[in-house]
1. Scan the stretch 147-172 and report the pairs whose first residue is without any contact (Cβ under 8 Å) to a residue 40 or more places away in the chain and whose second residue is of a type in the set (A, V, I, L, M), with Cβ atoms within less than 8 Å and a gap of 6+ or a chain change.
2. Assess whether PRO14 counts as being more than 17 Å from the chain's Cα centre (by Cα) and either closer than 16 Å to LEU202 by Cβ or more than 10 Å from ligand 1 (Cβ to nearest atom) (or both).
3. Tally up the residues in the stretch 137-194 that are among the small types (Gly, Ala, Ser) and more than 19 Å from VAL273 (Cβ to Cβ), please.
4. In the stretch 93-103, what residues are more than 23 Å from ARG115 (Cβ to Cβ), touching a residue at least 40 places away in the same chain (Cβ under 8 Å) and within 9 Å of ligand 1 (Cβ to nearest atom)?
5. How many residues does the stretch 239-280 hold that are over 24 Å from ASP135 (Cα atoms) and touching a Leu at 6+ places or on another chain (Cβ under 9 Å)?
6. Does VAL212 satisfy being in contact with a strand residue (DSSP E or B) (Cβ under 8 Å, 6 or more places away or on another chain), at pLDDT 95 or above, within 21 Å of HIS267 (Cβ to Cβ) and aliphatic (A, V, I, L, M)?
7. So ILE84 fits all but one of (1) within 16 Å of ligand 2 (Cβ to nearest atom); (2) buried (at least 20 other Cβ atoms within 10 Å of the Cβ); what number is the exception?
8. Answer yes or no: is there a residue in the stretch 80-88 that is of a type in the set (Ser, Thr, Tyr), near ligand 1 (Cβ under 10 Å from one of its atoms) and in contact (Cβ under 8 Å) with a residue 60 or more places away in the chain.
Amino acid sequence: MSAPTPVPTPTPAPAPRTVLLTGAAGGLGTLMRGLLPAYGYELRLLDMVPVEDEPGALTADLSDRDALREAVRGVDAVIHLAGISLEASFDKILRANIEGTYNLYEAARAEGVRRVVFASSNHAVGFTPRPRGDDPLIPVEAPHRPDTFYGLSKCFGEDLSQFYWDKFGLETVSVRIGSCFPEPTSVRMLSLWMSPADCARLFHAALTADGVGHSIVYGSSANTRLWWDLTSARALGYEPRDDSEQYAEKLIAEQGELDPANPDHAHLGGAFVTDPPRWPH
Ligand code: NAI
Ligand code: 15L
């Protein structure tokens, strides 16, 4: 009989300094490129398209395993944002988000990278009914209820992260991001919004907290209309400072209150729950 697989145990480590940021040309990547260096990080940038004004950025697709090995070599951690960020055909999601995330993790494991911050999404639990009235906040233990193939790929990413922790001791904080944009643009976003500054705070906490193993956290600001429980994010040391409430009056005047009879308003995932699948594959 072979010896049992040792269970990895969290150990404190020096704070990461060099961080690979994938998806650096995207909306969130661009915001984080601006904000994270102030925390002392040296960012290595990667995207499948050239990153504007960043001649040193790596241009590589997540399907290019050799390029990913080189990209992660010598970094202390990875913030993995690259991928399709909305619903798409299953085949496209499979290549970019499922195979692509596997390729990234495999490169990180092979090169001894210690930690990944994985951009999961509220759409991993998008069919969860939103709380109303005195309902409790949605806990991080809520079961996966993906609302799209896109959301399903985020469930895969979270499970892959758990597997790479249990099997190989590679740590991940999976951040189920709500809506991270400069401002909330819908009434639903008043509950899920994460300001860019709070996102940088949360990513910094996820990069530096001790003993995260694989942790799942919700990512949003300290919104008055919050739908989910930030306890596991706060346990990393995250202290959100922003609140979407300053945008509430204007957005509600323009769009009205959420209508519980409308399925797009009744679930965490908003309009993704009624977004038709992209057939054919
Ligand atoms: P985005 O679509 O603006 O950026 C994604 C970036 O990934 C793009 O620059 C794109 O070129 C790159 N990319 C796509 N496929 C790639 C591939 N195969 N190889 C290499 N690069 C590839 O999305 P955004 O808003 O910046 O989101 C970043 C991440 O955060 C995504 O994983 C998204 O699913 C996640 N997220 C974002 C939220 C938000 O509110 N912005 C909410 C929840 C999750
Ligand atoms: C996401 O996962 C998307 O990447 C982002 O573009 C927004 O649609 C966000 O969720 C949201 O639900 O608002």
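1. The qualifying pairs are CYS155/ALA124.
2. yes
3. 4
4. Selection gives nothing.
5. Number of matching residues: 1.
6. no
7. The number of the failed condition is (2).
8. Within the stretch 80-88 (the criterion being of a type in the set (Ser, Thr, Tyr), near ligand 1 (Cβ under 10 Å from one of its atoms) and in contact (Cβ under 8 Å) with a residue 60 or more places away in the chain), the answer is yes, since at least one residue qualifies.
The values are calculated or read from the model by the stated rules, or taken from the named source; none is laboratory data. These figures come from a predicted structure and were not determined experimentally. Cβ sites come from the backbone with ideal geometry, for glycine too, and all protein chains shown count toward neighbours.
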